[in-house]
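Working notes, structure below.
The values are calculated or read from the model by the stated rules, or taken from the named source; none is laboratory data. All figures in this text were calculated on a predicted structure; none of them were measured in a lab. Every residue, glycine among them, receives a Cβ derived from its backbone with ideal geometry; neighbour counts consider all protein chains shown. Remember, those area values only see protein heavy atoms, side chains included, never the ligands or the DNA or RNA. Shrake-Rupley method; radii C 1.70, N 1.55, O 1.52, S 1.80 Å.
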Amino acid sequence: FRVDSPGGAVTASETILEECKDMQKPVICSFSNVAASGGYYVSSFADRIFASPTTLTGSIGVFGIKFDATAFARSYGVEVDFVKSGKHASAFSPFHPLTKQMKQNFERNMNKVYSYFKEIVSEGRKLDLGEVEQIARGRVWTGEQAKEIGLVDQIGGMNSAVLYAKRKYCSGGFADVEVWPKPLSLKDRLLKLSEADAFVSDAPIVDNSNTYIQSILNGGINPSVFVGLQSANGVFLTIDETTALHFLLKEALEKTQ
């Protein structure tokens, strides 16, 4: 299980953790450059955790943000009203100021999540809750420091983690290793880049898109590709360079299919 994440939402982290726990198979975790906060949360029940000496990990903590755009909205003459089902129903609305009661509710929820996070680490890493409290509080540790305080088991990269799994769980120490998700081909990567939406006219954009994409796939850019761009009949509306390029690539690849 390769982790390279500075963290994320509580719900997503909990979902990934539970999936790992339900696998009923050994999980060997390898930390990349960063495996902090939610990145550590999802790894806490791994059977063994590997980290590089300079990996940034830990950051056992929780924070929340309440965005208040009421003053900004009023400056443009926008007024917002609510039909609420409860006194805190509009707490997450950007058009409702943070009241004292809402602030207390936010703090209470953050403290609950933080306490649960520490319990997860305590149970998964088999550490006393008091020990976890001493290394938590949102502090970040390097891989070497994390090994000293019990957050990781061994210093090593992805190869070390794979080798450990082979030796411990495979007969004879040999196994075929599959990488998921499967690496995308160049064509699939370009198609993925072209998924950004753009507002464009219905007129043809450029006639030589295939030449453009072929020049990329062949490893170089042919200057003649850009000649047609100056005389293209289509008109881009509110579009930036990156989106325009994505659009051209998508159109070109669709024509080759």
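Identify the residue in the stretch 15-35 that is aliphatic (A, V, I, L, M) and either surrounded by 24 or more Cβ atoms within 10 Å (Cβ to Cβ) or in a loop (DSSP other than H, G, I, E, B) (or both) and, among all such residues, is modelled with the lowest pLDDT.
Across the stretch 15-35, the extreme among qualifying residues is Met23.
Among Val162, Val177, Val121, Val132, which is loosely packed, with under 13 Cβ neighbours inside 10 Å and of a type in the set (Val, Ile, Thr)?
Values: Val162 fails: loosely packed, with under 13 Cβ neighbours inside 10 Å; Val121 fails: loosely packed, with under 13 Cβ neighbours inside 10 Å; Val132 fails: loosely packed, with under 13 Cβ neighbours inside 10 Å.
That would be Val177, the only listed residue that is loosely packed, with under 13 Cβ neighbours inside 10 Å and of a type in the set (Val, Ile, Thr).
Pick out, from the stretch 117-170, the helices (runs of 4 or more DSSP H) lying fully within it that include 1 or more residues that are under 21 Å from Ile28 (Cα atoms).
The helices (runs of 4 or more DSSP H) meeting that bar are 143-148, 158-169.
Taking the stretch 52-103 on its own, how many of its residues are open to solvent by 40 Å² or more (accessible area, probe 1.4 Å) and either part of a loop (DSSP other than H, G, I, E, B) or touching a strand residue (DSSP E or B) at 6+ places or on another chain (Cβ under 7 Å) (or both)? Summing the residues that are open to solvent by 40 Å² or more (accessible area, probe 1.4 Å) and either part of a loop (DSSP other than H, G, I, E, B) or touching a strand residue (DSSP E or B) at 6+ places or on another chain (Cβ under 7 Å) (or both) in the stretch 52-103 gives 29.
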